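Every number in this text was worked out from the coordinates using simple rules, so none of it is lab data. Here the structure is a predicted model, which is why all the values come from computation and not from measurement. Note that we place each Cβ from the backbone using ideal geometry, even for glycine, and neighbour counts take in every protein chain shown.
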Amino acid sequence: MHILTVLTYYRPHYSGLTIYAERLGRALAERGHQVTVLTSRYDPSLPERETLDGVEIVRLNVGMHISKGVIMPSMPYWAWRLSRQVDILHLHVPQLDAATLALLAKLSGKPAVLTYHCDLLLPPGLVHSLANEVSHLANHISARASAVIVTNTMDYAQSSPFLKRYLPKVRLILPPVELEAVSEADVEAFKNKAGIRPGQRVIGMAARLASEKGVEYLVQAMPAILEKHPGARVIFVGQYQDVFGEKEYAQRLAGAIRDLGQHWTFMGILPPKEFAAFFYAAELTVLPSINSTESFGMVQVESMSCGTPVVTSDMPGVRQPVLMTGMGKVVPPRDAGALAQAIIEILDRPQHYRGNPQIIAQQLSPQVVAAEYEALFAEQLAISRLDQTGREKLPGRDNLPGAD
């Protein structure tokens, strides 16, 4: 199959959505499919075209930014041109351009599969409010024009104000998760780099420093944790400087984080091997997200696949990895006290939350997920071809009563 994958940002941009698309695209290419990614050239220094890991990437110049989205003037042209060359379109939402792509797919007779990652919630303000409304309209057009909508969990789909309107179209496919293999020497090297000393109780968090991640609740929980475990320390992995749209949030937290001194360390975005070693070095990880822009949290499964338990928010989708595996605790969102207590309980009894890392890693491997998408794409292609055959055998079908 020739698959056209469309999303606003792709590598080297760092987010859960781009990581998902990159892992899936690479796995589909390894399975012998031709994968083309159509995305934004959000950084002018990036090449307009390149091939990475067997995936062809086409980047379009950005005309302007609207909140966290971008406007690409040449998108309609390239979308139409490429959609005619491929077998199937795979759209990642939220994305402003998905509506155009889904409609073009319908016009060109190509099935479109939409992966809905999360609801879009932007901060207050006129520009953000308008962006929200435009995005919601685009999402509805995309959903109606797409053949199938993929989601991470039915828990999230049934609670999402958007997805629950399209439940007959929804299919469940868990997200692709993988980490590089590491040795004990790799883990020790990471501990040395991070300055982890014997006796320290390491609490990990892997995320962007963004308001929806609920970082402030971990900051607020630390004094209670330190009373019980004075050697506790947070190692925060991921982008923490110049996060788009999060400057004020970072400034608001800066003082409280500075007051924690040696008990909080930012390490930035790590190379893949160090990122995997980070999960082995931590005693537990935390995902205290606060709203529906988080629909699953792949970092939870990455952590669990290393045998490291998780404390996460009791929200649709986000709670599922812990509920499915028993490897951690679920706490109410925005509750620093409950978060602190859950972390203390795991630090006190880590052996109760170990689970089976190998099974977890196998169930969500990119190859397993790619095989599920492959079957879904093949099914939709077969349906599309049958429908086209039916139209050919019934001239004038569109004029029949009740015709689509």
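Could you tell me what fraction of 2.2 N^0.38 Å the Cα radius of gyration of the stretch 188-270 comes to, as a two-decimal ratio?
Dividing the Cα Rg of the stretch 188-270 by 2.2 N^0.38 Å gives 1.08.
Taking the number of other C-beta atoms within 10 Å as the exposure measure, put TRP80, TRP264 in order starting with the fewest.
TRP80, TRP264
What residue among TYR280, GLY355, VAL55 has its Cα farthest toward the positive end of the dipole of the chain, where the charges are +1 on Lys, Arg and -1 on Asp, Glu, each on the Cβ?
VAL55
Considering just Cα atoms, how many Å³ per residue does the convex hull of the stretch 114-234 enclose?
Output value, Cα hull per residue: 171 Å³.
Determine one quarter of the surface area of the Cα convex hull of the stretch 184-360, which equals its mean projected area, and express it in nm² to one decimal.
Quarter of the Cα hull surface area: 9.4 nm².
Can you put ILE290, ILE359 in order of Cβ neighbours within 10 angstrom, beginning with the fewest? List each step's numbers first, then the result.
Values: ILE290 19, ILE359 12.
Fewest to most other Cβ atoms nearby, the residues stand as ILE359, ILE290.
So how strong a dipole does the stretch 256-393 carry about its Cα centre when Lys and Arg Cβ are +1 and Asp and Glu Cβ are -1, to the nearest 20 debye?
With only Lys, Arg, Asp and Glu charged at Cβ, the dipole is about 40 debye.
Normalise the Cα radius of gyration of the stretch 1-84 by 2.2 N^0.38 Å (N = residues in it) and let me know the number.
My calculation over the Cα atoms of the stretch 1-84 gives 1.05.
From the P(r) of the chain, could you give the percentage of C-alpha pairs in the tail past 36 Å?
Distances greater than 36 Å cover 27 percent of the Cα pairs.
Using only helices, what value at 222 nm comes out for the chain when you add -39,500 (n - 2.57) per DSSP H run of length 4 or more and divide by the total residues, to the nearest 500 deg cm²/dmol?
Theoretical 222 nm ellipticity from helices: -13000 deg cm²/dmol.
In which sequence would ARG144, ARG208, ARG201 go, from the one with the fewest C-beta neighbours within 10 Å to the one with the most?
In order of increasing Cβ crowding within 10 Å: ARG144, ARG208, ARG201.
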